[in-house]
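The values are calculated or read from the model by the stated rules, or taken from the named source; none is laboratory data. This is a predicted model, so every value here is computed, not measured. With ideal geometry, Cβ positions are generated from the backbone for all residues, glycine too; neighbour counts draw on all protein chains shown. We work out accessible area using only protein heavy atoms, side chains counted, and drop any ligands, DNA or RNA first. Shrake-Rupley method; radii C 1.70, N 1.55, O 1.52, S 1.80 Å.
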Amino acid sequence: IELCEEGAYSDKEKLAYERYWDVIRKERSALADSRAEGKVEGKVEGRAEEKEQTVLNSFKNNLSIDIISSITDLSNDEVVSILKKHELM
(Lines give C-alpha, C1' and ligand atoms only; values in the text may rest on other atoms or scores of the structure.)
Protein backbone atom coordinates (compact mmCIF):
# COMPACT_ATOMS: atom_id res chain seq x y z
CA ILE A 1 0.00 0.00 0.00
CA GLU A 2 2.83 2.37 0.90
CA LEU A 3 4.41 1.92 -2.56
CA CYS A 4 1.07 2.64 -4.22
CA GLU A 5 0.65 5.76 -2.10
CA GLU A 6 4.22 6.85 -2.84
CA GLY A 7 3.51 6.53 -6.58
CA ALA A 8 0.66 9.00 -6.17
CA TYR A 9 2.99 11.78 -4.97
CA SER A 10 3.96 14.61 -7.25
CA ASP A 11 7.65 15.11 -8.04
CA LYS A 12 7.74 17.97 -5.52
CA GLU A 13 6.18 15.79 -2.80
CA LYS A 14 8.59 12.94 -3.56
CA LEU A 15 11.55 15.31 -3.24
CA ALA A 16 10.23 16.61 0.10
CA TYR A 17 9.69 13.03 1.26
CA GLU A 18 13.27 12.05 0.35
CA ARG A 19 14.66 15.15 2.06
CA TYR A 20 12.66 14.28 5.16
CA TRP A 21 14.20 10.79 5.31
CA ASP A 22 17.68 12.20 4.62
CA VAL A 23 17.29 14.41 7.69
CA ILE A 24 16.07 11.47 9.77
CA ARG A 25 19.04 9.32 8.68
CA LYS A 26 21.51 12.11 9.48
CA GLU A 27 19.96 12.65 12.92
CA ARG A 28 20.12 8.93 13.68
CA SER A 29 23.74 8.81 12.56
CA ALA A 30 24.64 11.84 14.68
CA LEU A 31 22.93 10.28 17.69
CA ALA A 32 24.83 7.02 17.23
CA ASP A 33 28.10 8.95 16.90
CA SER A 34 27.35 10.90 20.07
CA ARG A 35 26.65 7.72 21.99
CA ALA A 36 29.90 6.15 20.81
CA GLU A 37 31.84 9.28 21.70
CA GLY A 38 30.24 9.33 25.15
CA LYS A 39 31.27 5.74 25.77
CA VAL A 40 34.86 6.49 24.82
CA GLU A 41 34.95 9.57 27.04
CA GLY A 42 33.51 7.56 29.92
CA LYS A 43 36.17 4.90 29.56
CA VAL A 44 38.94 7.50 29.46
CA GLU A 45 37.58 9.24 32.54
CA GLY A 46 37.24 5.90 34.32
CA ARG A 47 40.85 5.00 33.60
CA ALA A 48 42.03 8.41 34.81
CA GLU A 49 40.05 8.03 38.04
CA GLU A 50 41.48 4.55 38.52
CA LYS A 51 45.03 5.83 38.08
CA GLU A 52 44.35 8.66 40.50
CA GLN A 53 43.06 6.19 43.10
CA THR A 54 46.15 4.02 42.56
CA VAL A 55 48.36 7.05 43.18
CA LEU A 56 46.52 7.86 46.42
CA ASN A 57 46.53 4.30 47.71
CA SER A 58 50.17 3.79 46.82
CA PHE A 59 51.22 7.01 48.52
CA LYS A 60 49.23 6.11 51.64
CA ASN A 61 51.13 2.80 51.68
CA ASN A 62 54.42 4.71 51.71
CA LEU A 63 55.52 4.02 48.15
CA SER A 64 57.88 6.58 46.67
CA ILE A 65 56.80 8.95 43.92
CA ASP A 66 59.24 7.24 41.54
CA ILE A 67 57.63 3.85 42.15
CA ILE A 68 54.10 5.27 41.90
CA SER A 69 55.09 6.92 38.64
CA SER A 70 56.40 3.61 37.32
CA ILE A 71 53.26 1.71 38.39
CA THR A 72 50.82 4.18 36.88
CA ASP A 73 52.80 5.29 33.80
CA LEU A 74 52.37 8.88 34.99
CA SER A 75 55.20 11.36 35.22
CA ASN A 76 56.53 12.34 38.64
CA ASP A 77 54.98 15.78 38.11
CA GLU A 78 51.57 14.23 37.40
CA VAL A 79 51.82 12.10 40.54
CA VAL A 80 52.76 15.13 42.63
CA SER A 81 49.90 17.12 41.08
CA ILE A 82 47.39 14.42 42.11
CA LEU A 83 48.82 14.32 45.63
CA LYS A 84 48.61 18.12 45.92
CA LYS A 85 45.07 18.06 44.62
CA HIS A 86 44.16 15.79 47.54
CA GLU A 87 46.27 17.86 49.95
CA LEU A 88 48.68 15.01 50.63
CA MET A 89 51.71 17.16 49.77
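The table for this structure:
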item	result
Sequence-distant lysines (8 or more away, or on other chains) whose Cα lies within less than 25 Å of Lys51	Lys39, Lys43, Lys60, Lys84, Lys85
Rounded percent of accessible protein surface that carbon and sulfur make up, the chain, 1.4 Å probe	52
Accessible surface, 1.4 Å probe, highest first, among residues Lys51, Lys26, Lys12	Lys12, Lys26, Lys51
Cα-centred dipole magnitude for the chain, charges only on beta-carbon of K, R (+1) and D, E (-1), debye, nearest 20	240
Added length on full extension, which subtracts the Cα-Cα distance from 0.36 nm per residue, Ala48 to Lys84	11.3 nm
Qualifying GluC sites (Glu not before Pro) for segment 28-89 [loop in DSSP, other Cβ within 10 Å: at most 12]	Glu87
For segment 24-29, 3J(HN,Hα) per residue [Karplus equation, 6.51 cos²θ - 1.76 cosθ + 1.60, θ = phi - 60°, Hz, x = Gly/Pro]	4, 4, 5, 5, 5, 5
Per-residue SASA entry for Val44, accessible area with 1.4 Å probe, Å² rounded to 10	90
Residue-level accessible surface for Asp77, protein heavy atoms, 1.4 Å, Å²	120
Accessible surface, per residue, of the chain when the full set of protein chains is kept, probe 1.4 Å, Å²	83
Loop chymotrypsin sites (Phe, Trp or Tyr not before Pro), segment 3-89, which have at most 11 other Cβ atoms in a 10 Å radius of their Cβ (DSSP)	none
From phi via Karplus (6.51, -1.76, 1.60), per-residue ³J(HN,Hα) for segment 67-81 in Hz, x at Gly/Pro	5, 4, 4, 5, 5, 9, 6, 9, 6, 4, 4, 5, 4, 4, 4
Global form of the chain, assessed from the alpha-carbon gyration tensor, a/c cut-off 1.5	prolate
